[in-house]
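K.L.:
Next up is a structure, given as C-alpha cells.
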Amino acid sequence: MKKITSMLLAVVLGATLLCGCGGAATETTGTDTATENTSADAGSAATGATFKIGGIGPITGGAAVYGNAVKNGAQIAIDEINAAGGINGAQIEYKFEDDEHDAEKAVNAYNTLKDWNMQLLMGTVTSAPCVAVSEKTKEDNIFQLTPSGTSVPCTQYENAFRVCFSDPQQGTASAQYIGQNNLSSKLAVIYDSSDVYSSGIYEKFAAEAANQPFEIVAAEAFTADNKTDFTTQLQKAKDAGADLIFLPIYYQEATLILSQADTMGYEPTFFGCDGLDGILGVENFDNKLAEGVMLLTPFAADAKDDATVNFVSQYNTKYGETPNQFAADAYDAIYIMKAAMEKAGCTPDMSASDICNAVKGAMLEISVDGLTGAGMSWTADGEVNKAPKAVVIKDGVYVAMD
Amino acid sequence: MSFLNYLINGVSLGSVYAIIALGYTMVYGIAKMLNFAHGDVIMVGGFVVFTLSTRMGVSPVVAVLISIVVCTCLGMTIERIAYKPLRSATSLAVLITAIGVSYFLQNLALILFGSDIKLFTSVVKVKPLVIADGQITITGETIVTIIACMIIMIVLTTFIKKTKAGQAMLAVSEDKGAAELMGVNVNATISLTFAIGSGLAAIAGVLLCSAYPSLNPYTGSMPGIKAFVAAVFGGIGSIPGALIGGILLGVIESLSKSYISSQMADAIVFSVLIIVLLVKPTGLLGKKISEKV
C-alpha cells in the first residue's frame, strides 16, 4: 500500500515538473487566462501589435486601497488611449498583478509579468516592494515608472522614474507648506521609526523645519511592533503645547491616533502626506474624527478643471467611488508612458530592453500636463518637478486648499 | 500632572497585558505548555464580536457571550487536534505545534476577513472618569479591564482551591502520572484548562479591541508576546503574578516611552525582563520548583 502511494506521489511530482515547463512556454504566446485585468482584445495580442504594460501593487491586504486605485486609474487611461487609437498606432495590453505590499511577492508578480512578455512596468505601488522590483528591472533593463513609490531608492537606477514626490520631497514640501500658510507655530511629529517611508519624510521635514517659522516641540516615534497605544506620544505633544501634529505615516495608525486624541480631548490640527490617503475608507471608522485633517496630496477630486471632472466621473461610473490621488497618479503614469514612447518613437515589436533605452532618454525631454500637476518634467535621477498641493477633509470629502 | 497621566496610560496598557497574561499563565501552570496560539484566539474573539455587533447589529452583551462560547470551543478543538496527540512528545515539539496553530489562525482570519484594518466599536459603555478638572482622564475601558482582571483572578483562584475540578488541575500540574494513578482524568482536566483559558482569551480580545480599536488578523500576536513576557515577569504559572507582571510591564513601557525614548520602549521592556530573569529566574511571584533526585 505504501509503495503504491509513493509511486503515485512520484508520478504527480513528475507531472507537475512537466506542467511547470509547459506553463512557461504557453505563457509567452500572450494568451493569459489567469489574469483578471486585461483590457486589450486578445485577438491583436496574437499578432504582436500591442504594447504590453504590466502593473504591480497590493490589491489585497492592508494597503489594498492604494493598489486598487492604481489598477483602476491606469485602466481608465488605457481604455481612453486604446479608444483614441493607441500609442503610435498600437493598442495597449494591460495586466495587473497583486503583491500584497510585500517585497517578495512583488518580485514573484514581476516574474509572472515577465513571463507574459511585459514591455514596460507601471509600478509598483508601495515603496518597499518597489525598491525590490527596481533591482530586477535594472537587471533586465525594463522601463519602470512608479505612480506612487515614494522612497528614494525606488528610482535609484536610470531606468526608473516616478509620478509622485519622493519621501524627502514630501517632507520638505510639507514643511514649506505649513510654514508658508502659517498653519502652526509649535508642532509635534509622530512617525514610524521602523518604516523607511515614514522616517524618510520625517528626516527631511526636520531638516527643512529649521528654515521655517515654526518649531518642532515634540518628535515622537513608534515602531511596527508597538503601534496600538499612542496615548503617551499624544500626551507628550499635548504637554509640549503643540497645536499641529504632523503625521508622516499610513492611515491605519492614523485612525488610532485620531480616536485616541479624541478620547483625550486633545484637538490639534493633523497634517499628513499621501500615506493618510485612504483614511475615509476604513471600515467602521467615524469619519467625523478626520474632519479638518490636512493632506499634502497632488490631487483633489473636487477640482473643477475639465481633466479632473472627466476622470472623476468616469471613475465613479466604472468603480462606484471617488478616485484618490493614487488613481490619479496611475492615470498620469500611463499618459506619461505614452508621451515618452511617442517621443522616442517606440513600436510594439521592439524588445523591452530597446524600449527602455529609448524611453529613459525621452523622459528627460518631455513635459506632461496631468491630473497631479501641470508641466511635469523629470530629472535623470527619476524625480519629478511639480508644485505641491494640499487638501483638507471637510464633511467627509477632500476639498482643495486655496 | 503629566507623570500621573503617563502612569495611567501605562496602567491601561498594562491591564490589557494582564488580562491576556492570565490565560497564558493558567494554561502554562496546569498543562505545562506555552500556548503561543493564545494571542490569536484573542484575535478570533475580537473578530467574532466585530462581525456580530458591528456588522450584524447583535447587542454587544450577546456578542461577547457568543464570542466566549466560540473561543472556548475553538480552544478545546485546538487542544484535541493539535496538542493531545503530542501529550507524550518533547516540549519542543508542542511549542512548535503551538506556533503552527498561531500561524494557521492568522492565515485563516486573513482569508476570511482580509488584512484591511477594521475599527472596532467599543463594547464598554462605562463613562470615563475625569479628575482634576479634566487634566486626567481614566477611560471606561481601563476601569472595566482592571475590574475584569480582579474578578477573573479571584474566581480562578477560588475555583482552583475550592472545587474538585480545580483540585484535579492542581494535581495534574504537579505530577501528571501520579494524578492519573489517583483517578484524575488528566485529558479531561487539560481540556477544561484550555476551555477556560480560551474563554478568558475571548474576554481579553474584546477588552483589547475596545481599548485599542484596530482589528486585523495580526492584532493578537504582539500583545500576545508582550503578555507572555508579562506572565514570565510575574512568575509564569502564578495567577496574581500575571496581573502584577502585566500592569508593571505596561507602566514600564509607558514611562520609558515618555521619559527615555518612544522608539526604544520595547527594547527597554525586554531588557527589564532579562534583568528580572537574571536576578530572579522564577519571576516576581514564581514558585521555586526543586528537582527531585
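The values are calculated or read from the model by the stated rules, or taken from the named source; none is laboratory data. Please read these numbers as outputs of a predicted model, since none were measured by experiment. Don't worry about glycine lacking a Cβ; one is built from the backbone with ideal geometry, like all the others, and counts go over all protein chains shown.
K.L.:
Taking segment B:278-289, which residues are touching a residue at least 24 places away in the same chain (Cβ under 8 Å) and surrounded by fewer than 14 Cβ atoms within 10 Å (Cβ to Cβ)?
P.N.:
Step one: list which residues in segment B:278-289 are touching a residue at least 24 places away in the same chain (Cβ under 8 Å), which gives B:282-287.
Correct list: B:287 only.
K.L.:
In the list B:68, B:78, B:20, B:30, which residue meets the criterion of being within 14 Å of chain A (Cβ to nearest Cβ), under 27 Å from residue B:187 (Cβ atoms) and under 19 Å from the mean Cα position of the chain (by Cα)?
P.N.:
On the way: B:68 fails: within 14 Å of chain A (Cβ to nearest Cβ); B:78 fails: within 14 Å of chain A (Cβ to nearest Cβ); B:30 fails: within 14 Å of chain A (Cβ to nearest Cβ).
One residue alone meets the criteria, B:20.
K.L.:
I need the full set of residues from segment A:242-271 which are surrounded by fewer than 22 Cβ atoms within 10 Å (Cβ to Cβ), within 18 Å of residue A:182 (Cα to Cα) and free of Cβ contacts under 8 Å to residues at least 60 places away in the same chain, in order please.
P.N.:
Passing the criteria: A:243, A:267.
K.L.:
Scan segment A:375-397 and report the pairs whose first residue is within 30 Å of residue A:289 (Cα to Cα) and at pLDDT 85 or above and whose second residue is in a strand (DSSP E or B) and of a type in the set (Ser, Thr, Tyr), with Cβ atoms within less than 9 Å and a gap of 6+ or a chain change.
P.N.:
Once the first residue is within 30 Å of residue A:289 (Cα to Cα) and at pLDDT 85 or above and sits in segment A:375-397, its partners that are in a strand (DSSP E or B) and of a type in the set (Ser, Thr, Tyr) give A:391/A:398; A:392/A:398.
K.L.:
May I pose another question? Go through (1) surrounded by 17 or more Cβ atoms within 10 Å (Cβ to Cβ); (2) within 13 Å of another protein chain (Cβ to nearest Cβ) and name the single condition residue A:300 misses.
P.N.:
In the conditions (1) surrounded by 17 or more Cβ atoms within 10 Å (Cβ to Cβ); (2) within 13 Å of another protein chain (Cβ to nearest Cβ), residue A:300 misses (2) alone.
K.L.:
Modelled with pLDDT of 90 or more and surrounded by fewer than 24 Cβ atoms within 10 Å (Cβ to Cβ): does that describe residue A:361?
P.N.:
Judged against the criteria, residue A:361 is a match.
K.L.:
Could you tell me which numbered condition residue B:138 fails, if it satisfies all but one of (1) in contact with a strand residue (DSSP E or B) (Cβ under 9 Å, 6 or more places away or on another chain); (2) at the interface with chain A (Cβ under 10 Å from one of its Cβ atoms); (3) in contact (Cβ under 8 Å) with a residue 40 or more places away in the chain?
P.N.:
(2) is the only condition that residue B:138 fails.
K.L.:
Here's another thing I want to ask about it. So residue B:13 clears everything in (1) within 14 Å of chain A (Cβ to nearest Cβ); (2) at pLDDT 90 or above except one condition, right? Which one?
P.N.:
Tallying (1) within 14 Å of chain A (Cβ to nearest Cβ); (2) at pLDDT 90 or above, residue B:13 fails exactly one: (2).
K.L.:
Within the bounds of segment A:308-321, is there any residue that is touching a strand residue (DSSP E or B) at 6+ places or on another chain (Cβ under 9 Å) and either modelled with pLDDT under 90 or more than 11 Å from every other protein chain (Cβ to nearest Cβ) (or both)?
P.N.:
no
K.L.:
Mind listing whichever residues of segment A:275-296 are among the hydrophobic types (A, V, I, L, M, F, W, C), surrounded by fewer than 23 Cβ atoms within 10 Å (Cβ to Cβ), within 22 Å of residue A:72 (Cα to Cα) and out of contact with any Gly (no Cβ under 7 Å at 6 or more places or on another chain)?
P.N.:
Scanning segment A:275-296 gives a single hit, A:282.
K.L.:
Within segment A:267-285, count every residue that is more than 10 Å from chain B (Cβ to nearest Cβ) and either part of a helix (DSSP H, G or I) or closer than 21 Å to residue A:185 by Cα (or both).
P.N.:
12
K.L.:
Residue by residue through segment B:110-135, note down the ones that are surrounded by 13 or more Cβ atoms within 10 Å (Cβ to Cβ) and touching a residue at least 40 places away in the same chain (Cβ under 8 Å).
P.N.:
B:110, B:113, B:115, B:116, B:117, B:118, B:119, B:120, B:121, B:122, B:123, B:124, listed by residue number.
K.L.:
State all residues of segment B:1-56 that are in contact (Cβ under 8 Å) with a residue 60 or more places away in the chain and outside any helix (DSSP H, G or I); if no residue qualifies, say none.
P.N.:
B:1, B:32, B:33, B:34, B:35, B:36, B:37, listed by residue number.
K.L.:
If we keep just the residues of segment A:124-139 that are within 20 Å of residue A:357 (Cβ to Cβ) and in contact with an Asp or Glu (Cβ under 9 Å, 6 or more places away or on another chain), which is surrounded by the fewest Cβ atoms within 10 Å (Cβ to Cβ)?
P.N.:
A:138
K.L.:
Also, I was wondering about something else. Taking helices (runs of 4 or more DSSP H) that fall entirely within segment B:73-175, which contain at least 2 residues that are under 19 Å from residue B:209 (Cα atoms)?
P.N.:
Ranges flagged: B:91-113, B:140-162.
K.L.:
Starting from segment B:82-102, take each residue that is among the small types (Gly, Ala, Ser) and surrounded by 13 or more Cβ atoms within 10 Å (Cβ to Cβ) and list its partners that are modelled with pLDDT under 90 and not in a helix (DSSP H, G or I), counting only C-beta distances under 8 angstrom and pairs at least six apart or across chains.
P.N.:
Qualifying pairs under 8 Å: B:98/B:33; B:98/B:34; B:98/B:35; B:98/B:36; B:102/B:36.
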